[in-house]
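Notes follow the structure.
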């Protein structure tokens with residue numbers, strides 16, 4: 001029984017590590033964090049998603065929204081337009097559906 005729990009825990013840890021590197025998962029995590037008021041953690045999740053996939057329009061959009069909402073610091077709020085423009089260049093229809 002103890003061995004089974006240990007093996008299961010190891011599998012879960014490996015899965016979590018793998019998922020941490022998936023830009024889509026990180027973007028979804030950022031959205032969930034933002035919705036629960038954990039804005040700084042959301043910003044970091046969006047940034048990491050963009051580090052993994054620099055062409056991920058949804059992550060640019062969500063990061064820009066976090067900056068616009070004032071959850072980032074003042075300097076970052078000034079970058080919100082840049083992030084939203086990046087999103088619209090990569091995927092123009094994105095801003096129309098949000």
For residues that are surrounded by fewer than 23 Cβ atoms within 10 Å (Cβ to Cβ) and part of a helix (DSSP H, G or I), scanning just the range 51-60, find the one that is modelled with the lowest pLDDT.
57
Residue check, residue 30 against (1) at pLDDT 90 or above; (2) more than 16 Å from residue 69 (Cβ to Cβ); (3) touching a helix residue (DSSP H, G or I) at 6+ places or on another chain (Cβ under 6 Å), all met but one. Which one?
(2)
What pairs come out if I take residues in the range 24-46 that are at positive phi and pair them with residues that are outside any loop (DSSP other than H, G, I, E, B) whose C-beta lies under 9 Å away, six or more apart or interchain?
none
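Restricted to the range 34-48, and to residues that are farther than 15 Å from residue 67 by Cβ and outside any loop (DSSP other than H, G, I, E, B), which residue is modelled with the highest pLDDT?
Taking the range 34-48 and keeping what is farther than 15 Å from residue 67 by Cβ, we get 35-38, 48.
Filter again for outside any loop (DSSP other than H, G, I, E, B), leaving 35, 48.
On the way: 35: 89, 48: 94.
Ranking the qualifying residues of the range 34-48, first place goes to 48.
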Any chance the range 69-78 includes a residue that's assigned to a helix (DSSP H, G or I), at pLDDT below 60 and surrounded by fewer than 14 Cβ atoms within 10 Å (Cβ to Cβ)?
yes
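The values are calculated or read from the model by the stated rules, or taken from the named source; none is laboratory data. If you're wondering where the values come from, they're calculated on a predicted model, not measured in any experiment. Methodologically, a virtual Cβ is constructed for each residue, glycine included, from the backbone with ideal geometry; neighbour enumeration extends over all protein chains shown.
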